[in-house]
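Contents: one structure, followed by commentary.
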Amino acid sequence: MERPTNRDFYLDYVKTLLPDNPKILEIGVEAGHLSKKLMKVFDPSELHLLDPWEWNPSNGKIYQQSHMNGVPTAHSNVHMQIEIERLFAKEIRDGVVFTHRGYSSDLVDNFQDAYFDFIYIDGCHLYESVKEDLYNYLPKLQINGVLGGHDYISKETLFVQEGVTYTNQLGYGIKQAVDEMLEDLQDMKMVALVSDNEPFPDWAIKGDAV
């Protein structure tokens, strides 16, 4: 298993596992910070961006720990979508970038099975939602495709943002859900995990048959 020290090295390694110009789905896009990296690193033939792009405190899914306490799990907004569509205007016209506004659980049937080479999951971080995304979207991967994501937190790490110190202990369920999938599906293996010196490590799993 590779242990990249940061996201940039993680993406470089994942690229070695994929075909040229892969088809990629990113779940949980917000303002598109990762989307820009995916476009630059992978030069995908298709990049699908899925996000509700809304602030929704009414669906009952609320984070409850530390500085995320009381924040809805859906906390992006339509202005982010507008900016992404401006940023990728040419790629959208060329049929390379596609935006999908909505919730991953509602849109899963819009995607073909065995279609994507890389699916990156960074949507709702509550355990039940992460597990649902993992199992809903695993069939959307091609054989030998890579399933990855963010925030596989295994230890407390403090980080400073705009002069304020925060903890990464936010009650996220990513590690539990991913570990359970690896236990359930013995042919799936963790192939990359960013060092836990990073507060919110990226992860990637892969199998010979999915």
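The values are calculated or read from the model by the stated rules, or taken from the named source; none is laboratory data. All values derive from a computational prediction rather than experimental measurement. All Cβ positions, even for glycine, are placed from backbone atoms using ideal geometry, and neighbour counts span all protein chains on display.
Counting only strands (runs of 3 or more DSSP E) that fall entirely inside the stretch 106-210 and contain at least 2 residues that are modelled with pLDDT of 90 or more and surrounded by 16 or more Cβ atoms within 10 Å (Cβ to Cβ), the qualifying elements are 116-121, 141-149, 188-193, 203-207.
At least 1 residues being out of contact with any Cys (no Cβ under 8 Å at 6 or more places or on another chain), among the charged types (D, E, K, R) and within 24 Å of LEU182 (Cα to Cα) is the threshold, and among the helices (runs of 4 or more DSSP H) wholly inside the stretch 1-91 those reaching it are 7-16. Please indicate, with yes or no, whether at least one residue in the stretch 191-198 is without any contact (Cβ under 8 Å) to a residue 24 or more places away in the chain and touching an Asp or Glu at 6+ places or on another chain (Cβ under 8 Å). No: zero hits.
Taking each residue of the stretch 13-30 that is in contact (Cβ under 8 Å) with a residue 24 or more places away in the chain and looking for partners that are hydroxyl-bearing (Ser, Thr, Tyr) and part of a loop (DSSP other than H, G, I, E, B) with beta-carbon atoms closer than 8 Å, six or more apart or interchain, yields ASN21/SER45; PRO22/SER45; LYS23/SER45; LYS23/TYR115; VAL29/SER76; GLU30/SER76.
Count, please, the residues in the stretch 92-105 that happen to be hydrophobic (A, V, I, L, M, F, W, C), in a helix (DSSP H, G or I) and either under 23 Å from TYR10 (Cα atoms) or within 15 Å of the chain's Cα centre (by Cα) (or both). So that I can check it myself, show each step before the final result.
Looking only at the stretch 92-105, we keep the residues that are hydrophobic (A, V, I, L, M, F, W, C), and these are 92, 96-98.
When the remaining residues are screened for being in a helix (DSSP H, G or I), the result is 92.
Right, trim to either under 23 Å from TYR10 (Cα atoms) or within 15 Å of the chain's Cα centre (by Cα) (or both) and you get none.
Final tally of qualifying residues: 0.
Among the residues of the stretch 37-47, those that are touching a residue at least 40 places away in the same chain (Cβ under 8 Å) and either over 15 Å from the mean Cα position of the chain (by Cα) or farther than 24 Å from VAL130 by Cβ (or both) comprise MET39, PHE42, PRO44, SER45, GLU46.
Contact annotation: residue pairs with Cβ atoms under 7 Å, 6 or more positions apart or on different chains, pairing a residue in the stretch 83-104 that is farther than 11 Å from GLY28 by Cα with a partner that is polar (S, T, N, Q) and surrounded by 15 or more Cβ atoms within 10 Å (Cβ to Cβ), are ILE84/SER35; ILE84/THR99; GLU85/THR99; THR99/GLN81. Scanning the stretch 1-25 for residues that are crowded, with 21+ Cβ neighbours inside 10 Å and either closer than 19 Å to LYS189 by Cα or within 13 Å of the chain's Cα centre (by Cα) (or both) yields TYR10, LEU11, VAL14, ILE24, LEU25.
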